[in-house]
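Read the structure below first, then the notes.
Read-outs: derived from the displayed coordinates by stated rules, not from any lab. Note that the structure is predicted; figures quoted are calculated from it, not measured. Heads up, the Cβs are rebuilt from the backbone with ideal geometry, glycines too, and the neighbour counts pull from every protein chain shown.
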Amino acid sequence: MLNKNINLKHKTFLRTVCCFSFLSIFLLKGFSQSQKPKDFVDYVNPYMGNISHLLVPTYPTVHLPNSILRVYPERGDFTSDRLYGLPLIVTSHRGSSAFNLSPMLQLPKELKPVQLYSYDQEEIKPYRYAVVLDQEDIKVDYALSHQSGMYTFTFPGTATKYLQFNSRDGELNWDGQALSGSQEIGNGTRVYIYAVPEIKPSVVSKLQGKQLEKGTGAKGRNACLILQFDKAGAGLKMKYGVSFIDAAQAKVNLNREIADFDQEKLAENGRKIWNQALGKIAVEGESESDKNVFYTSLYRTYERPVNISEGGRYFSAFDGKVHSDEGKPFFTDDWIWDSYRAHHPLRVLLDPAAESDILNSFVRMSEQMDKPWLPTFPEITGDSRRMNSNHGVATLLDAYRKGIRGFDIQKAYLAAKGAITEKTLAPWSDKPAGKMDDFFKEKGYIPALHPGEKEIYPEVHGFERRQPVAVTLGTSYDLWCLAQLANELGIKADYELFMKQSFNYRNLFNEQTKFFHPKDEKGNFIMPFDYVFAGGQGAREYYGENNAWIYRWDVQHNIPDLIKLMGGNQLFVQYLDEMFQQPLGRSKFDFYAQLPDHTGNVGQFSMANEPALHIPYLYNYAGQPWMTQKRIHKLIGEWFRNDLMGVPGDEDGGGMSAFVVFSQMGFYPVTPGLASYSIGSPFFRKTTLSLPNGKSFVIIGKNASAKNKYIQSATLNGKPLNSTELKHAEILNGGTLEFILGDKANKNWAN
């Protein structure tokens, strides 16, 4: 009886264990299925920032990294009720679609060049777009490669179907097998298309005015062809290639990238490419929202510039010719005034080969233009010479000092020198240097006009004005970069001249107020003066887009001297704090009516404009790194969020997002041109950079959270680190940077 009870208990125990094990396996299996780890691309939210705080929003762009073909839904803004057809290619990250495609179940009584659609169920991923045109009940699925894409349409029933193609200013032709066409997009630049439907149309017509006529060609403004398909079946697929060379090259691009009509295979390949690009930085932590912000920001840094090489050739709008790329891809569409600060340094770190090709492209552009000057805003249609200063020289120096050698540094130096000393410094102008520039060379600053005083220099843009303080400060930095490049190249005379001129910012420093203050030609400060509102629209009469409170810190190349000018560390920190505390001074309506770019405010600080990005890190240089740690976490937490208004200002295709990527990792390139970074505070418990040299650099943020943002101690490869400087070489060598983080500031660390 005893043995029987023991056996019974033993069997019961075994059954319990088995049931528990089975249940555990079932639960674990169920958990693994429902909680499958996300891929890097799954954290990207293309809608982040699609509703602007004031000016230009982000766009939910579908593209592969740095590729020609970019599309996004064309509508007035995110909240618009109608889609303006379907896009085929956007030639600028802020532009409208060059070609439009309109699927239809039946032809409307009054045909327009592009159809307006009510829409629903929209879903956007970096590599795919889907939407339902709900009034027509047409399902749309889109995927793309680098220079080609494909639409799949699912129509209700098996009725006749139509595809309407539109070129806004160009021509379209049907040759019996495919549709080809072109569109003029400015400065002698044309974009071409070659489109192939999976089944042949039964009828091809053209839109002539408001009337539909039989015809296989259309030309001029709003050239339109309509393809009619009568074959039974709900599905209709259309693939196409694009080119800036010609329609024949668009066909070659299509055939190279998309051999069949397999939509899923195309989408999966795009997903794979994005995971490879985003996976260069792997972050681990508790906050899913922080991961969304991080990977969305990283995705944004791949919007520009774009590689426009097509099978070894490229069209250059800088001379209007087709060139061989000689084995090095040609990149353009790079707004350097925004991107030099963090976007280019990020690429130097993650993809130095691509950065080398980009800088080589800059040199080619300077050789192709009438004047051999480094570009400032190279776009698909050429250099638009926007904004102030020429910070392309900073990208050259930064890359060269970090070991990139795949471009001709001698030619690059001469192009940069010409752009700064031979071209006018007047913003938004491509004219040669004039009398204003002679004054700068003699006196060391750009002179300002008194209120109401008329402009006398013909090279000055009527709306953008002289921006004398912004130009003086920005050019001082550019001259420092030139000096450093001259020193690298052993050009002693240039080094000494440009180093002396790199201190020109001192000429506008007001000792009484500790601001950079505009002076007239006689050397007198413009008085009276309001450091918030003086300068008219965008403060352009004296500064540029931002007011004096932002330009007070625009001495990236000589921060120790700026601290000295302001009276030492204590006063420097006090002035920094005052900026974050200073009220707008007027109602928001009045403030933003005059300073619409100066948004994302914390006091007079603007998180929404690139000249402010380095400012929170300046506490490091004055012995208060804990304040940098506090500011960075607070600013990103407030202004960069995983929602529709989660970007505070004009993102400019990656220029601002690179600040987020660096800052969430825990460091930032305050001075492009120095091979080092300023340490902030990591957002993640672990960040792994997979470097191109095969090594890994790991950043550990022990205890990292929204509260635990203060560095208690740090080690680099096991050795104590008590400095806010991280050298580029230390990252490239691989290893581990470990921070112990807490919720209270350790004011003794790195002090």
Quote the FRET efficiency, to the nearest 0.05, computed for Glu578 versus Gln106 with a Förster distance R0 of 56 Å and r equal to the Cβ-Cβ distance.
0.30
Label-point separation (nm) for Thr736 and Asn524, each offset 7 Å from Cα along Cα-to-Cβ?
6.6
Would you mind computing, in nm to one decimal, how far apart the modelled labels at Thr715 and Asn222 are, each placed 7 Å from Cα along Cα→Cβ?
7.0
If His391, His450 are placed from fewest to most neighbouring beta carbons inside 10 Å, the sequence is His450, His391
Given that compact globular proteins tend to follow 2.2 N^0.38 Å, what is the ratio of the alpha-carbon Rg of region 424-557 to that value?
1.04
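If each DSSP helix of 4+ residues adds -39,500 (n - 2.57) and the sum is divided by the residues in the chain, what number results at 222 nm, nearest 500 deg cm²/dmol? Display every interim value, and only then the final one.
On the way: 19 runs with 226 residues, N = 751.
Theoretical 222 nm ellipticity from helices: -9500 deg cm²/dmol.
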Region 259-395: spread of alpha-carbon positions along the three principal axes, whole Å, largest first, is 53, 42, 22
Once Arg94 and Asn507 are pulled to full extension, the length gained, defined as 0.36 nm per residue separation minus their Cα-Cα distance, is 144.9 nm
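Give Lys371/Lys500; Lys206/Lys239; Lys219/Lys251; Lys161/Lys239; Lys371/Lys522 a once-over and call out the pairs whose C-alpha atoms are over 23 Å from each other. Don't skip to the end; give the middle numbers.
Details: Lys371/Lys500 26 Å; Lys206/Lys239 21 Å; Lys219/Lys251 20 Å; Lys161/Lys239 17 Å; Lys371/Lys522 33 Å.
In this structure, Lys371/Lys500; Lys371/Lys522 lie more than 23 Å apart at Cα.
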Which whole-number percent is the relative contact order of region 45-274 (Cα, under 8 Å, 6+ apart)?
19
Which of Phe697, Phe463 comes first, and how do the rest follow, when ranked by fewest Cβ neighbours within 10 Å?
Phe463, Phe697
Normalised by the number of residues in region 424-557, what is the relative contact order in percent for Cα pairs under 8 Å and 6+ residues apart?
26
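Whole number please: convex hull volume per residue, Cα atoms of region 189-313, in Å³.
For region 189-313, the hull spanned by Cα atoms encloses 193 Å³ per residue.
Restricting everything to alpha-carbon atoms, can you work out Rg to Rh for region 318-418 with a Kirkwood hydrodynamic radius?
0.92
Taking neighbour Cβ counts within 10 Å as the exposure measure, how do Arg190, Arg401 sort from fewest upward?
Details: Arg190 21, Arg401 18.
Least to most surrounded, the residues fall as Arg401, Arg190.
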Which aspartates and glutamates, if any, have their Cα less than 16 Å from the Cα of Lys454, not counting same-chain residues under 8 positions apart?
Glu464, Asp520, Glu521, Glu541
Going by a ≥ b ≥ c, the root eigenvalues of the Cα gyration tensor, does region 172-212 fall in the rounded group (a/c under 1.5), the prolate group (a/b larger than b/c) or the oblate group?
oblate
Counting only other residues whose beta carbon sits under 12 Å from that of Gly673, what net charge do I get with K and R as +1, D and E as -1?
0
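Given a cut-off of 18 Å, what percent of all Cα-Cα pairs of region 646-697 lie beyond it? Don't skip to the answer; put the middle values down first.
On the way: 604 of 1326 pairs.
The share of Cα pairs beyond 18 Å in region 646-697 comes to 46 percent.
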From the alpha carbon gyration tensor of region 580-721, can you work out the equivalent ellipsoid semi-axes (sqrt of 5 times each eigenvalue) and give them in Å, largest to smallest?
29, 17, 14
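Which of Lys200/Lys265; Lys112/Lys139; Lys38/Lys727 have a Cα-Cα distance over 25 Å?
Values: Lys200/Lys265 23 Å; Lys112/Lys139 21 Å; Lys38/Lys727 32 Å.
Table pairs above 25 Å Cα-Cα are Lys38/Lys727.
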Rounded to the nearest 0.05, what FRET efficiency do Asn487 and Gln276 give with R0 = 51 Å and r taken as the Cβ-Cβ distance? Could you check?
0.85
What is the Rg over Rh value, at two decimals, for region 213-263, using alpha-carbon atoms and the Kirkwood definition of Rh?
1.03
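Please report, in whole Å³, the volume per residue of the convex hull around the C-alpha atoms of the chain.
Values: hull volume 157.3 nm³, N = 751.
It is 210 Å³ per residue.
Semi-axes, largest first, in whole Å: what does sqrt of 5 times each Cα gyration tensor eigenvalue give for region 474-613? Mind showing how you got there, number by number?
On the way: eigenvalues 168, 52, 49 Å².
Equivalent ellipsoid of region 474-613: 29, 16, 16 Å, largest first.
Quick check: residue separation of Arg313 and Phe589 times 0.36 nm, minus the Cα distance between them. What number comes out in nm? Show your work: numbers first, answer last.
Numbers: separation 276, 0.36 × 276 = 99.36 nm, distance 5.03 nm.
Contour length minus Cα-Cα distance gives 94.3 nm.
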